[in-house]
Amino acid sequence: MTGYLASFEPAMRLALAEARAASQAVAGADADVPVGAVVLDEAGTVIGQGGNRREATSDPSAHAEVVALRAAGRSRGGWRLPDCTLVVTMEPCTMCAGALLAARVPRLVYGAADPRAGAAGSVWDLLHDPRLGPQVEVRGGVLASECAAVLQAFFEQHR
C-alpha cells in the first residue's frame, strides 16, 4: 500500500492495539469483539481512541467508534468534529455510521469490511445517503488482512 492510504497505517496500528486490548479487557467468554478506533485531527494527531467496551461497561452503545468519538469530543470541548478522521479496524455498523454523521466527521478510514452489518458500503451505505447530510469520504482496506486476522482469531477462540 502506498500514497494516501498508506499515510493512515500508523493510526490503524494504534486502532489495532485498541482492538487487542478490548478483547482482553474482560476475560473468557465475556471478552469483547476486538475492534479499535482512533480519531485524528486535521494535523493527524490522535485526539480520541478506544476499543469495544460493551462487555466491560454493560453498555450496548460502547462500540469502539463511539468510545473514540466521545473521547475526541471531550478533547475538543464539543461534539462537532468537522475536520477529523475516524480510523477503525472494522467497517462501522449503522449505529456507528450514524454517530460519525452526527459528529460531522468528514472522513472514515477502516480496515476490514463487515459483510454482515457494515454500513459504509458493504451492506448499507449510510455515509453516502444524501438524505442524511454531507457525504463522508470513505476509504476501506487499510491493513485489512491484519484487521481481519484479529477478528478471525477472536471468533475462532470464542466459538
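The values are calculated or read from the model by the stated rules, or taken from the named source; none is laboratory data. Please read these numbers as outputs of a predicted model, since none were measured by experiment. Every residue, glycine among them, receives a Cβ derived from its backbone with ideal geometry; neighbour counts consider all protein chains shown. Side chains are part of the model used for accessible areas, which takes the heavy atoms of the whole protein and leaves out ligands, DNA and RNA. Shrake-Rupley method; radii C 1.70, N 1.55, O 1.52, S 1.80 Å.
Tally time: how many residues in segment 55-68 are surrounded by fewer than 24 Cβ atoms within 10 Å (Cβ to Cβ) and not β-branched (Val, Ile, Thr)?
Looking only at that region, the number is 7.
Which of (1) without any contact (Cβ under 8 Å) to a residue 60 or more places away in the chain; (2) in contact with a Leu (Cβ under 9 Å, 6 or more places away or on another chain); (3) open to solvent by 10 Å² or more (accessible area, probe 1.4 Å); (4) not aliphatic (A, V, I, L, M) is the odd one out, the single condition ARG74 does not satisfy?
Unmet condition: (2).
Name the residue that is nearest to ARG20 (Cα to Cα), counting only residues in segment 88-140 that are open to solvent by less than 30 Å² (accessible area, probe 1.4 Å) and in contact (Cβ under 8 Å) with a residue 40 or more places away in the chain.
THR89
Could you list all residues from segment 119-135 that are outside any loop (DSSP other than H, G, I, E, B) and out of contact with any Asp or Glu (no Cβ under 7 Å at 6 or more places or on another chain)?
Result: ASP125, LEU126, LEU127, HIS128, PRO130, ARG131, LEU132.
Please indicate, with yes or no, whether at least one residue in segment 58-68 is free of Cβ contacts under 8 Å to residues at least 24 places away in the same chain, assigned to a loop (DSSP other than H, G, I, E, B) and at positive phi. Talk me through it step by step, then tell me what you get.
As a first pass, look at segment 58-68 and keep what is free of Cβ contacts under 8 Å to residues at least 24 places away in the same chain: 58-60, 62.
Imposing the further condition that a residue be assigned to a loop (DSSP other than H, G, I, E, B) reduces the set to 58-60, 62.
Okay, now just the ones that are also at positive phi, so 58.
Yes, segment 58-68 has at least one match.
What residue, of MET95, MET90, is closer than 22 Å to ARG13 by Cα and not aromatic (Phe, Trp, Tyr)?
Checking each option against the conditions leaves just MET90.
Looking only at segment 109-159, count how many residues are under 25 Å from VAL46 (Cα atoms) and among the aromatic types (Phe, Trp, Tyr).
Counting residues in segment 109-159 that are under 25 Å from VAL46 (Cα atoms) and among the aromatic types (Phe, Trp, Tyr) gives 1.
ALA148 versus (1) touching a strand residue (DSSP E or B) at 6+ places or on another chain (Cβ under 8 Å); (2) among the aliphatic types (A, V, I, L, M); (3) buried (at least 18 other Cβ atoms within 10 Å of the Cβ); (4) not in a loop (DSSP other than H, G, I, E, B): which is the lone unmet condition?
For ALA148, the failing item is (3).
Filter segment 22-54 down to the residues that are outside any loop (DSSP other than H, G, I, E, B), out of contact with any Cys (no Cβ under 8 Å at 6 or more places or on another chain) and surrounded by 18 or more Cβ atoms within 10 Å (Cβ to Cβ) and list them by number.
The answer is ALA22, SER23, GLY36, ALA37, VAL38, VAL46, GLY48, GLN49, GLY50, GLY51, ARG54.
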